[in-house]
Structure formats: C-alpha cells, structure tokens
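**Student:** Attaching a single structure in structure tokens format; questions to follow.
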Amino acid sequence: MSASPPIRHIPSGWRRLPTLLWGLLAMWLGWQVFEWAIWHAVFAPDLTACQALQHRGACWGVVAEKGPQWLWGRYPLEQRWRPALALLAWGTASVGLASLAWRRPAPGRPAHLALAVCAALILWSVAFVLMRGGWSAQPWGLPGAPRVPADQWGGLPLTLLVATVTLLASVPLAALWAWGRQRGPRLWRWVCTLCIETLRGAPLVMWLFMAAFMLPAVWGPEVDVGLLPRVLMVTVPFSAAYMAEIFRGALAVVQPAEEEAALTLGARTWQVQWRVVVPQAWQVALPSLTGHAIGVLKDTALISVVGLHELNGSMGLSLNGDADWRPFFLEAYLVIGAVYVALGLSLSALGRQLERRLPSGL
C-alpha cells in the first residue's frame, strides 16, 4: 500500500492574497465610478459642457433639464400644481399608515387603525379628484382646475396611482379566489382555478394589449371607457391571481383542528374565519405579499407600451423627442432606477416592520 503524499500547508500570507486582490479590484472600480459620477461630472443643465465630456464623466444636467417631464409626464404645465398636491396627499396617507407599524401596541389600536385607514382613503380620493379636475370655479381662492384626461397623466403620480389601486383592489378579489380554490364548493373551486391559471398563464403585456386595443373593438364606439380604466381592469385581476396563490398557501398552514375547536366553543363561522384563520394566514403571507407589492410597483413600467407614460415611460418620451439630450440615457436610467430602488426599499422596510409587529398584536 503506497503512502499518501504529504499535505502541503499554504502560508497564511498566501491565503490572504485573494482577499487582497479583490480589495484592490474593488478600490479600483470604486475610483472609476467616483471619477465618472462625481469628479468629471457636469451637474448644471449645460448641453455644451456635457457634449464636451464625450462620456468621460456623467452628465447629471439631464436630470435638471428633463426631470420635470419625468416627474409629471404630459400633464399640462400650468396645472402641475395639482399632481404636486396629489403626491403630497398620497405621501401623507402612506406615511400615516406606515407610522402605525412603528408605534408601540396600545389599547384601542383597532380604532386608531380604522381611523387611519379611513383618513388614508379620503386623502387618496382627494388626490384622484385633484388629478382629474373638472371644475371651473375658484373655491377657497384656488385657481380653477379644468378636467385633464387620464391619457395625459404620467410620471411619478401615475406610477403610484396604478400601483396603489392595483394592490388595494386586488386584495378582496384575491381573498375570494383563494378561499374558493382552497375551501369552496367543487364548482366554485373549478371557476377560481380557471381564473387564476388563465391570468397567470399569459404575460402582463399581452393582457395590456388586449385591454388597450381589443376591448374597444368588442364594446363598440358607443361605449367610451378611457385607457387608464381599461389598464386597471387588467392589472387588478392579474395581481389578484398571484396574490390568491399567496393567500391559498397561507390558508393551508392553518390547521383544521383549530377551526373545529373554535366552533366547538360556540364561535360562529365568520368569527372563526376572522379571529382564527385570517390572523394566522395574514402573518404567514406577509413576507410574500411584500415581494408581490414590490413586483407590482415595478410592473407599472409596462403600461408605457399601450401609451400611458408613467415614470420610466415619461423619461423615454422626453429623451426620444430630443436629439441633443438623447445620448445621456445612461444617467437618466440610473436616476429612474434609484427612484424605483428607494420605493422598493421603503416597501421592504415596511414589510419587515409589520412582520415584527404582528406577533405583538398590531
């Protein structure tokens, strides 16, 4: 039997060599990014200075020059105070709801939660009315607000509007489909399964094209439904199909013995569902729902293919129509991407906080 070769021990200094090389590479890449993004960058909206860079540095002046078009889209220039107030209302409502996740549990929390939800719905409704307009009087000294068609909405307000309405409206539909597929009668189970699998079996872009071009042909010219409502008629059930599977998986976690025990103690069926099943299922589904909400926010960029220019679509529209600033697409995409990352991180932080608060009785 031959002897095994001796084991060679690598000196500790050589073991640190890969870490040192990766560190040097990271420092070099960091310097290159710093040099391009800050050291040689142009921050003023100076087209001549940006063109003189020849892409050796970033031209952040494109943000100052085209940023308002990215933010508001094709909304009329003299009426942009309305989407600004709408964003303020949406932000106030969202911050008010999110602040409940960071508060300590206290007596009367359900009442405070119901009040906060009602206030948020009112603010969201006010924001929608401001965006839509349609009055010529001047109440409280404010200027008149002529009606602006939804086809002219765009930018960040349209992104938040589509994402918010899609998520809120898909919750009850998803809960109905999930309950029907998991615990409903056989016929209703087949109907729910057919709806879910059909919607999930085709890409969202296909459904958007059908809503934009096929529905008007089916309805005929006598039925006038705007493009934005038709898009929401697609995004809401599409989101509900994926959300229903999240709810169905969460419902499967709840043991039937717990429901039977509650019924034995004299609770009614709706009380068992509301007090036993829903809290446990919601806690299990929350991490997946957070990821789904982030996905819906990013999927709003797809509505630009049917003519609604949200944040990303407004950026593309503004640069495609201007040959001078068109070469600086990279800087524009980096800024738009940073906005999406910030919104996604906010949703992720809110989801993690809710996960920590739910067991303590939020």
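The values are calculated or read from the model by the stated rules, or taken from the named source; none is laboratory data. What you see is a predicted model; the values in this text were computed from it and never measured. All Cβ positions, even for glycine, are placed from backbone atoms using ideal geometry, and neighbour counts span all protein chains on display. Note: areas computed on protein heavy atoms with side chains; ligands, DNA, RNA excluded. Shrake-Rupley method; radii C 1.70, N 1.55, O 1.52, S 1.80 Å.
**Student:** Identify the single condition in (1) open to solvent by less than 30 Å² (accessible area, probe 1.4 Å); (2) in a helix (DSSP H, G or I) that THR198 does not satisfy, given that it satisfies every other one.
**Tutor:** (1)
**Student:** Please indicate, with yes or no, whether at least one residue in segment 292-300 is within 23 Å of PHE238 (Cα to Cα) and among the basic types (Lys, Arg). Give the derivation first.
**Tutor:** So the first thing to find is which residues in segment 292-300 are within 23 Å of PHE238 (Cα to Cα), and the list is 292-300.
Retained after the next criterion (residues that are among the basic types (Lys, Arg)): 298.
Yes, segment 292-300 contains at least one residue that is within 23 Å of PHE238 (Cα to Cα) and among the basic types (Lys, Arg).
**Student:** Here is a follow-up. If a residue has to be open to solvent by less than 60 Å² (accessible area, probe 1.4 Å) and free of Cβ contacts under 8 Å to residues at least 12 places away in the same chain to count, how many in segment 243-265 make the cut?
**Tutor:** 1
**Student:** Filter segment 42-64 for residues that are in contact with a Cys (Cβ under 7 Å, 6 or more places away or on another chain) and either open to solvent by less than 20 Å² (accessible area, probe 1.4 Å) or touching a residue at least 24 places away in the same chain (Cβ under 8 Å) (or both) and give the result. Write out each step before concluding.
**Tutor:** Just the residues of segment 42-64 that are in contact with a Cys (Cβ under 7 Å, 6 or more places away or on another chain), to begin with: 42, 50, 53, 59, 61.
Those that are in contact with a Cys (Cβ under 7 Å, 6 or more places away or on another chain) and either open to solvent by less than 20 Å² (accessible area, probe 1.4 Å) or touching a residue at least 24 places away in the same chain (Cβ under 8 Å) (or both): CYS50, CYS59, GLY61.
**Student:** Based on this model, can you work out whether ALA169 counts as surrounded by 18 or more Cβ atoms within 10 Å (Cβ to Cβ) and either hydroxyl-bearing (Ser, Thr, Tyr) or under 27 Å from TRP90 (Cβ atoms) (or both)? Lay out the reasoning, then the answer.
**Tutor:** Details: surrounded by 18 or more Cβ atoms within 10 Å (Cβ to Cβ): no; either hydroxyl-bearing (Ser, Thr, Tyr) or under 27 Å from TRP90 (Cβ atoms) (or both): yes.
Answer is no for this residue.
**Student:** Still on this structure, please answer the following. Does segment 74-90 hold any residues that are among the aromatic types (Phe, Trp, Tyr), assigned to a helix (DSSP H, G or I) and surrounded by 15 or more Cβ atoms within 10 Å (Cβ to Cβ), and which are they?
**Tutor:** Result: TRP90, single match.
**Student:** Could you figure out which of (1) open to solvent by 20 Å² or more (accessible area, probe 1.4 Å); (2) without any contact (Cβ under 8 Å) to a residue 24 or more places away in the chain isn't true of GLY316?
**Tutor:** Condition (1) is where GLY316 drops out.
**Student:** If we keep just the residues of segment 201-221 that are under 26 Å from PHE128 (Cα atoms) and open to solvent by 80 Å² or more (accessible area, probe 1.4 Å), which is farthest from the chain's Cα centre (by Cα)?
**Tutor:** PHE213
**Student:** Search segment 341-356 for residues that are within 15 Å of GLN283 (Cβ to Cβ) and pair each with any residue that is among the polar types (S, T, N, Q) and surrounded by 14 or more Cβ atoms within 10 Å (Cβ to Cβ) when their beta-carbon atoms are under 7 Å apart and the residues are at least 6 apart or on different chains.
**Tutor:** GLY351/THR290
**Student:** Having 2 or more residues that are touching a Cys at 6+ places or on another chain (Cβ under 9 Å) is the bar; report the helices (runs of 4 or more DSSP H) wholly within segment 221-275 that clear it.
**Tutor:** On the way: elements: 227-253, 256-264, 269-272.
Filter on segment 221-275 gives 227-253.
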